[in-house]
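The values are calculated or read from the model by the stated rules, or taken from the named source; none is laboratory data. Quick caveat: nothing in here was measured; it's all calculated off a predicted structure. Glycine gets a Cβ as well: all are built from the backbone with ideal geometry, and neighbour counts include every protein chain shown.
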Amino acid sequence: METPKHIVGVQHGWNLMSVNYQTESDISLDEVHYAPLSYGENSLNLLGDVTGKHFAELGSGGSQNAIALAKLGAKVTAVDFSSRQLAFGVSESLNQKTTIDFLQADIQNLDYFQDNTFDSVISVFAIEFIEHLDVFLSECNRVLKEGGQLILSTTHPLGAFEWDVDTNTLNVTDYFNPPVEIWMENGQMYSGVTYFRTVEELFTNVTDNGFKVDVLLEPKPLEFDDEHLSPYKGNYWTEFRDRINLVPFAIVIKALKQ
């Protein structure tokens, strides 16, 4: 079956963005991150003891989270469909002497995984590129063991709206129907698509697919003097600092398979 053009657009877009994104970002290889300029796992304690647990990181990008988990003793499978993002992850994994299973694949349908395989599924800034979120969440439920945990971080629905840099205000036109973002990098054949979903839509999708939400966060950024404590920072985020200080960039959900 032919891959939809907007999915190909996201894939090609990340291949084109990868080098600049990784160069301009400062992402920890020792601590799991959830949101830019904010605290990570060492402070939020969402995962618990990961030693010996089998994790799938879906939409792993440069796989920094996968590497951090492997260093903590987890068995990790990292999945992404951008070959350049995965190549970065493979290189960093070798440098860090970690053992990770890397797989290049679309994460909407996880038919390449067997039922009840993983103790935890983590996906950080990936589901906003997925068209059919209910299919993804149903698949996450299928591949998780009973009582397994799902950790999601995605772009906050307020990220769909324009920021006025002159007044430091957000122009929210219709929160209940956030726009779909169409984007294209230079030299890209097809447009990429980013889907913004309200908090209610995210929560309902998770619970309707067999999960109980345990934690829901809208992480605030650290104070500027404490920014070095964040596992996810760098020049890439400098231009967004004023906005992130006032409006949440991410929504983080921890849910348990029922």
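Given the structure, is T204 β-branched (V, I, T) and under 30 Å from N116 (Cα atoms)? Talk me through it step by step, then tell me what you get.
Values: β-branched (V, I, T): yes; under 30 Å from N116 (Cα atoms): yes.
Here the answer is yes, as T204 does meet what is asked.
Write out, first by first residue and then by second, each pair whose Cβ atoms fall under 8 Å of each other, whose residues are 6+ apart or on separate chains, and whose first residue, in the stretch 12-35, is more than 13 Å from S83 (Cβ to Cβ) while the second is of a type in the set (G, A, S) and in a strand (DSSP E or B).
Short answer, once both residue conditions are applied: Y34/S153; Y34/A250; A35/S153; A35/A250.
I need a count of the residues in the stretch 1-60 that are more than 20 Å from L144 (Cβ to Cβ), in contact with a Gly (Cβ under 6 Å, 6 or more places away or on another chain) and of a type in the set (S, T, N, Q).
The qualifying residues number 2.
Only one residue in S43, S28, S38, S82 is surrounded by fewer than 23 Cβ atoms within 10 Å (Cβ to Cβ), within 16 Å of the chain's Cα centre (by Cα) and of a type outside the set (A, V, I, L, M). Which one? Break it down into steps so the answer makes sense when it comes.
Details: S43 fails: within 16 Å of the chain's Cα centre (by Cα); S38 fails: surrounded by fewer than 23 Cβ atoms within 10 Å (Cβ to Cβ); S82 fails: surrounded by fewer than 23 Cβ atoms within 10 Å (Cβ to Cβ).
Criteria check complete, one pass: S28.
Of all residues being polar (S, T, N, Q) and either closer than 27 Å to P179 by Cα or under 16 Å from the mean Cα position of the chain (by Cα) (or both) in the stretch 105-134, which is surrounded by the fewest Cβ atoms within 10 Å (Cβ to Cβ)? Just the residue, please.
First pass over the stretch 105-134, keeping only residues polar (S, T, N, Q): 108-109, 114, 116-117, 120, 123.
Filter once more, so that each one left must be either closer than 27 Å to P179 by Cα or under 16 Å from the mean Cα position of the chain (by Cα) (or both): 108-109, 120, 123.
Working: Q108: 18, N109: 13, S120: 23, S123: 22.
Here the answer is N109.
Tally time: how many residues in the stretch 145-166 are surrounded by 15 or more Cβ atoms within 10 Å (Cβ to Cβ) and not in a helix (DSSP H, G or I)? Write out each step before concluding.
If we filter the stretch 145-166 for residues that are surrounded by 15 or more Cβ atoms within 10 Å (Cβ to Cβ), which is where we start, we get 145, 148-161, 163.
Right, trim to not in a helix (DSSP H, G or I) and you get 145, 148-156, 161, 163.
Residues meeting the conditions: 12.
Test N186 against the criterion of being of a type in the set (S, T, N, Q) and assigned to a loop (DSSP other than H, G, I, E, B), and give yes or no.
Details: of a type in the set (S, T, N, Q): yes; assigned to a loop (DSSP other than H, G, I, E, B): yes.
Yes: the conditions hold for N186.
Would you be able to tell me the number of residues in the stretch 167-183 that are surrounded by 13 or more Cβ atoms within 10 Å (Cβ to Cβ) and in a loop (DSSP other than H, G, I, E, B)?
Going through the stretch 167-183 one residue at a time, the tally reaches 4.
Quick test for you: out of T77, T98, pick the one residue that is touching a residue at least 24 places away in the same chain (Cβ under 8 Å) and in a loop (DSSP other than H, G, I, E, B).
Only one candidate passes the filter, namely T98.
Within the stretch 47-62, can you find the residues that are over 19 Å from N15 (Cβ atoms) and of a type in the set (S, T, Y)? Even if it seems obvious, please write down each step before you answer.
Kept after step one, since they are over 19 Å from N15 (Cβ atoms), are these residues of the stretch 47-62: 47-56.
The one that is over 19 Å from N15 (Cβ atoms) and of a type in the set (S, T, Y): T51.
Going through the stretch 201-230 one residue at a time, which ones are farther than 16 Å from G159 by Cβ and among the charged types (D, E, K, R)?
So the first thing to find is which residues in the stretch 201-230 are farther than 16 Å from G159 by Cβ, and the list is 203-216, 222-230.
Hits for the stretch 201-230 are D208, K212, D214, E223, D225, D226, E227.
Considering each of I107, I122 in turn, give the residue that is assigned to a loop (DSSP other than H, G, I, E, B), at pLDDT 95 or above, among the β-branched types (V, I, T) and closer than 14 Å to T77 by Cα.
Working: I122 fails: assigned to a loop (DSSP other than H, G, I, E, B).
None of the others qualify; the one that does is I107.
Test each condition in (1) under 19 Å from S123 (Cβ atoms); (2) within 18 Å of the chain's Cα centre (by Cα) for V50 and report the one that comes out false.
Every condition holds for V50 apart from (2).
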